[in-house]
Structures are given as structure tokens and as C-alpha cells.
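Trainee: Starting off with a structure, shown below.
FYI, it's all coordinate maths here, none of it is from the lab. Remember, it's a predicted structure, so these values are computed and weren't measured experimentally. Glycine gets a Cβ as well: all are built from the backbone with ideal geometry, and neighbour counts include every protein chain shown.
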Amino acid sequence: MRIDPVKSDEEQVSEDKNSYSSFEPSVISEFRGRLPRDRDTQFGIVVSRFNESITRDLLKGCLETLSLHKVKKIDIAWCPGAFELPLAAKSMISDNRYDAVIALGAVIRGETYHFEAISNSAINGLLEVALRTGVPVALGVITTDNLEQAQIRSTPGPDHKGKEAALAALEMSDLLHKLPHNRTNVPDDEPI
């Protein structure tokens, strides 16, 4: 269920209670991430330099969104391309000071299989980093068929993926702080 950032907490809870009206268990615990207010958070952002005209726009929207939600501690790491994002994210997380890491990149389809290989490697690698560390890694890597689609997703408007990634990171970091066990310690050599 996606949280509507426009609705107040009370409106969202009231709406959600109506969806549970026929279910009456003896004990229910519900945890929900909210967009943090007045909490001391620190975020890391890893950004791909490849397709930099797009990734700079993703970063701009991401930073504007974090600023709107009063995040004051942000570290930004630039890496060569989307393929390198998972390693950069893992390195930032190993420092153990970030509430979440946001990965921003743009992979635009070309005439070869390279697009699929890079897209899949970057996205699966970021997922693995999040699962292994227990730190949210928000996906702001856009994969498009052409430059025009990438521009639509990186310029201000309803489809801005940098903004969406920042909102997901804010919500997930808050949710994981509320859950009883918010960090995993899976050894690197064990499958998830």
C-alpha cells in the first residue's frame, strides 16, 4: 500500500481502518513508514556520471525533496556508471551512519544487449545491497528506450524519478526505525 504524502496521517489511518473492517484478530501490530518530521536523519546518494545531463536532473529533484523534508545531512558520491552504483552504495552503507542510500542513474537503450546487462546488474546489485545490509537503498535508476523518455522522468513533474526515490528512502528509513529488527547481518558468502 502506497502512502499518499498529501493526506494527513489521520486521514490515511482512518481510510486504512475501513479496509480492515471485516477482519477482527485478537492482536494486530501495524507498522507504517511516514515521511519523517523533525528527525535527525542522514542520507547517502550515489549518482552515475554516465548520462550526466539526466542524472544531474535526477539529483536536483532528489535534493529538493530531501530538503523539503528537512534532511540536512547528505553525502553524495559520483561513480562512473550505473554498473558501479551497487558497490558505491555498499561502501557508503559500510560506514554505518546512513538512514538510507539513494541510487540515481540513467541507462538508455542502445542497439546492443549492453542495455539489459547493465540495467539488470545495477538493479539486482542494489537490491542485494539492501537485503544484505538491512539499510534501505532507494531505486532512482531509470531505464528507458530513448533520451526523450529519460528527460521526461528526470525533469520536474509527476514522473520525476529522483523525487520518487527520495520519498521512498524517507518512508523506508522511518519504517525500518519502527520495526523491531531493523538491521540484518547476513554474511557476504551466504545466499539470501
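Trainee: Would you mind pulling out the separation of the Cα centroids of segment 89-116 and segment 42-65, in Å?
Mentor: Centre-to-centre (Cα) distance: 11 Å.
Trainee: Taking the Cα centre of segment 41-178 as origin and charging only Cβ (+1 Lys, Arg; -1 Asp, Glu), how large is the dipole, in debye to the nearest 20?
Mentor: 460
Trainee: Order of 134-143, 55-64, 93-102 by packing, highest average Cβ count within 10 Å first?
Mentor: Highest to lowest by the protection proxy: 134-143, 55-64, 93-102.
Trainee: Apply the a/c threshold of 1.5 to the C-alpha gyration tensor of segment 41-178 and tell me whether it is rounded, prolate or oblate.
Mentor: oblate
Trainee: Which of A169, Q149, S121 sits closest to the plus end of the dipole of segment 107-170, meaning its Cα is farthest towards the positive end, when Lys and Arg get +1 and Asp and Glu get -1 on the C-beta?
Mentor: Sorting the options by dipole projection puts first A169.
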